[in-house]
Amino acid sequence: MVVAKFDIKHIARVEGHGDLFVEVQKSKEPHVEMRVTEGTRLFEAFLRNQCFAEVSHVMSRICGICSHSHAVAALRAVEAALRIEPSHQTIQLRKLMLLGDMLESHALHINFLALPDYVGARNVVEMLPKYQKEVHRALQLKKLGNELMELVGGRHTHPLCAVVGGFTHVPSLTQLESMKKRLRAAIADAKAQIELMGNFTDPQLVRRSQYLAVKHPKEYPIHDGQLVTDTDLQTSVPEYQTMIKERNVSYAHAKFSEIKGKPFVVGSLARLNIAYGQLSDTAKQMIQQVGLKLPSYDIFQMNIGQAIEYLHYLDHAIEIIDELRRTKLEPHVAKHEARAGMSAAAVEAPRGVLIHRYTFDARGKVTSADVITPTAMNYANIEADIRALAPTLQDLSKEEAELKLNMLIRAYDPCISCSVHYLHTC
Amino acid sequence: MPTEKSKPVVAFYGLTCCAGCQLEVLNLEEELLDILGHINLVQFRMGSSAKHPGPYDVCFVEGSVTNEAELAHLKELREKSKVLVALGACATTGGVNALRNGRNIEELKQSVYGDASHVRTLPQIQPLKEYVKVDYELQGCPIAGDEFIEFLTALLTGGEPSEKNYAVCVECRLKENICLMKEGELCLGPITRAGCGARCLSVGFPCEGCWGPVPQANVESEINMFSQKGASFDVVVRKFRMFNASMEDFMKQLKKRLDIEWL
């Protein structure tokens, strides 16, 4: 017997188009469908026959919000397949692109997408009368990320000068110094952002799941590393298909992912649970100050998790700029030529682990491509969470219950248009 | 400041795309609150859970029509809107979505989803103006924030938004860039509409044509320049198709010229 039903069309304040369908039943587990209604996009299919040099520019178009993450994942996978060695300078500049993406996307999600729910508003404009200072601060924190991406990638949405082998353009020393000043000046605001999010302890949903991140021995997850779970599973990125298994679902234009037959989580909470020891000292202090206990299995703490990460990523960007300032920066593109090959790369996008894999023929043309996005990885876990949450909503009004369901989905910061394409193994 | 009643009712909708053009509007961090003071923004699902059934004074639509449901939605939006604006490459030239055009759609679907029986999608991507009357187009992948502000300002003050009927080369020269074509690169600047401020070229990357063809583009001359640089048939076609695969006139000229030269 169905005791409650929710049919939420076009979930708001997330990127892309998705609906949620839930039936809470009396003696059975709730029936949950995360319906991904975004039109199919076929990126990996029409990418075939494109030249290796064009891959990152086409693939960044998968997503406006995390275009720099897609571009860097694509470039790294292409270079690995074609055995091209990027220089240390190139790697550091790419990290800055990813960090810019993190700063912009986290500020957007924390303040514009997640926060309105916690203060009873439907959008950031409705927050203005009471939270004017916070809104202005959020706009500046978001802008800072865009400026970092623009400085290094040439444009904040869909980067330009990051190419296979390196960069066609690099920032000047003066620009880097000015950027460092602005990053430092944002530390106080980043701390205030954490304190603000620390005020919201409701709702909670504590459910132990598996957590996956790209772990690197030397730094908090961002640019490179192994696929590592909090349950100590470990796989090299090119072997990802042995760890992550996908399946089609009839109601979604996206594939759902599992590890060892169970859903898993990627994103800020996964990174924190797996690598909190690698956070900057200031970020660790703020964790203490707001009393966040890690590891955390409360999915709503994705939100404060992003706020903590914002501060850490500021510190990381400052550290990289300090190093780059001591070197002579010049546009540099490593020598390369077309050849046959196959490889994969993973980076941490704002929403979590992002994997790109490509195969090339001897002329350097794409013969197969595969992208698994963090949002696609999270879908199965979102459904599992909703199965746990839904039965607790029965005493609430329909409006309150739907708000909680929306908040849960928004905590994952889903990027739905990213997720609607998947290439079958070939 | 206009009163609440006199503000135009504005909506944003997204069809299939990366949402980068709506994001570009959110990325106007310095101007966003000012803009919101001049319009009554009633629908922007990416940033607000408020819903408004219409009618709208101005409706911005990003993305491409990829299935029947989106087509019906677009037609409905057209009926509800006094002014309909196509936002960005996916809506104005089909953008990268149109790279599916000219290929076997069943095979493409199958290669992405395996069993693709649950996937409904159109074989061809067309600009929105092929389906409904579009009053204005803002080009680019993504749109440029300053063009958006310029456009909105003209609209709000009763002026006619200006159209840039000249090539990217004009903007590139004003930026005093070294011509990448002269450096041996294959650049679509000479046949691409201006508006981006030669952004790619200013950081050393040749134009890929995301603003769409400039009116009266001299495609033949462009192909000549490409072939003089030793570009193969395959390279020329790929360069032209990247953002403009659904631009029929453009493709027709290309085909005609290529038939003579290479086929």
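The values are calculated or read from the model by the stated rules, or taken from the named source; none is laboratory data. Source: prediction; values computed, not measured. With ideal geometry, Cβ positions are generated from the backbone for all residues, glycine too; neighbour counts draw on all protein chains shown. Calculation scope for accessible area: heavy atoms of the full protein, side chains included, ligands and nucleic acids excluded. Shrake-Rupley method; radii C 1.70, N 1.55, O 1.52, S 1.80 Å.
Here are the numbers for this structure:
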| item | result |
| --- | --- |
| Residues within the stretch B:114-142 that are of a type in the set (Asp, Glu) and in a loop (DSSP other than H, G, I, E, B), tallied | 2 |
| Filter result (open to solvent by less than 20 Å² (accessible area, probe 1.4 Å), hydroxyl-bearing (Ser, Thr, Tyr) and at pLDDT below 95) within the stretch A:342-400 | A:Ser368, A:Thr373, A:Thr375, A:Tyr379 |
| Pairs with Cβ under 9 Å, 6+ apart, first in the stretch B:140-167 and free of Cβ contacts under 8 Å to residues at least 12 places away in the same chain, second surrounded by 17 or more Cβ atoms within 10 Å (Cβ to Cβ) and basic (Lys, Arg) | B:Glu163/B:Arg193 |
| Test result for B:Cys187, surrounded by 19 or more Cβ atoms within 10 Å (Cβ to Cβ) and part of a loop (DSSP other than H, G, I, E, B) | yes |
| Condition met for A:Ile222 (within 28 Å of A:Asp315 (Cα to Cα) and open to solvent by less than 30 Å² (accessible area, probe 1.4 Å)) | yes |
| Long-range neighbours under 7 Å by Cβ, at least six apart or interchain, first residue without any contact (Cβ under 8 Å) to a residue 60 or more places away in the chain within the stretch A:195-219, second of a type in the set (Lys, Arg) and in a strand (DSSP E or B) | A:Gln210/A:Lys262 |
| Filter result for B:Val61 (more than 16 Å from A:Val124 (Cβ to Cβ), more than 12 Å from every other protein chain (Cβ to nearest Cβ) and surrounded by fewer than 24 Cβ atoms within 10 Å (Cβ to Cβ)) | no |
| Filtered residue count, the stretch A:86-120, keeping only those that are of a type outside the set (Val, Ile, Thr), assigned to a loop (DSSP other than H, G, I, E, B) and over 22 Å from A:Tyr240 (Cβ atoms) | 2 |
| Where A:Ala77 falls short, out of the listed (1) at pLDDT 95 or above; (2) small (Gly, Ala, Ser); (3) in contact with a Phe, Trp or Tyr (Cβ under 9 Å, 6 or more places away or on another chain); (4) surrounded by fewer than 22 Cβ atoms within 10 Å (Cβ to Cβ) | (4) |
| Residue satisfying condition, being closer than 30 Å to A:Glu337 by Cα and away from chain B (no Cβ under 11 Å), within set A:Ala80, A:Ala53 | A:Ala80 |
| Filter pass, B:Asn67 being touching a Ser or Thr at 6+ places or on another chain (Cβ under 6 Å) and open to solvent by less than 10 Å² (accessible area, probe 1.4 Å) | no |
| Subset of the stretch B:36-48 [over 22 Å from the mean Cα position of the chain (by Cα) and open to solvent by less than 30 Å² (accessible area, probe 1.4 Å)] | B:Gly37, B:Ile39, B:Val42, B:Ser48 |
| Unique residue being within 14 Å of chain B (Cβ to nearest Cβ), under 24 Å from B:Leu23 (Cβ atoms) and either out of contact with any Phe, Trp or Tyr (no Cβ under 8 Å at 6 or more places or on another chain) or not small (Gly, Ala, Ser) (or both) when the list is A:Met197, A:Met179, A:Met149 | A:Met149 |
| Filter result for A:Ile222 (at pLDDT 95 or above and in contact with an Asp or Glu (Cβ under 7 Å, 6 or more places away or on another chain)) | yes |
| Filtered residues of the stretch B:172-184 (kept if surrounded by fewer than 21 Cβ atoms within 10 Å (Cβ to Cβ) and either within 14 Å of B:Val25 (Cβ to Cβ) or free of Cβ contacts under 8 Å to residues at least 40 places away in the same chain (or both)) | B:Arg173, B:Leu174, B:Lys175, B:Glu176, B:Asn177, B:Ile178, B:Cys179, B:Leu180, B:Lys182, B:Glu183 |
| The stretch B:220-250, residues that are outside any helix (DSSP H, G or I) and in contact (Cβ under 8 Å) with a residue 60 or more places away in the chain | B:Ala245, B:Ser246, B:Met247 |
| Selection status of B:Cys169, open to solvent by 30 Å² or more (accessible area, probe 1.4 Å), more than 25 Å from B:Leu138 (Cβ to Cβ), away from chain A (no Cβ under 14 Å) and touching a helix residue (DSSP H, G or I) at 6+ places or on another chain (Cβ under 9 Å) | no |
| Matching residues, the stretch A:251-279, being among the small types (Gly, Ala, Ser) and within 14 Å of another protein chain (Cβ to nearest Cβ) | A:Ala252, A:Ala254 |
| Filtered residues of the stretch A:9-31 (kept if among the hydrophobic types (A, V, I, L, M, F, W, C) and within 24 Å of the chain's Cα centre (by Cα)) | A:Ile11, A:Ala12, A:Val14, A:Leu20 |
| Within the stretch A:247-289, tally of residues that are open to solvent by 50 Å² or more (accessible area, probe 1.4 Å) and either in contact with a Ser or Thr (Cβ under 6 Å, 6 or more places away or on another chain) or within 30 Å of B:Thr121 (Cβ to Cβ) (or both) | 4 |
| The stretch A:205-219, residues that are more than 19 Å from A:Ile91 (Cα to Cα), under 18 Å from the mean Cα position of the chain (by Cα) and open to solvent by 50 Å² or more (accessible area, probe 1.4 Å) | none |
| Selected residue (criterion: farthest from the chain's Cα centre (by Cα)) from residues of the stretch B:80-96 that are over 26 Å from A:His57 (Cβ atoms) and not basic (Lys, Arg) | B:Ser81 |
| Number of positions in the stretch A:160-173 that are facing chain B (nearest Cβ under 9 Å) and either open to solvent by 10 Å² or more (accessible area, probe 1.4 Å) or in a loop (DSSP other than H, G, I, E, B) (or both) | 5 |
| Number of the exception - B:Gly63 against (1) touching a Leu at 6+ places or on another chain (Cβ under 6 Å); (2) on the phi < 0 side of the Ramachandran plot | (2) |
| Residue within the stretch B:207-225 that is aromatic (Phe, Trp, Tyr), within 14 Å of chain A (Cβ to nearest Cβ) and buried (at least 21 other Cβ atoms within 10 Å of the Cβ) present | yes |
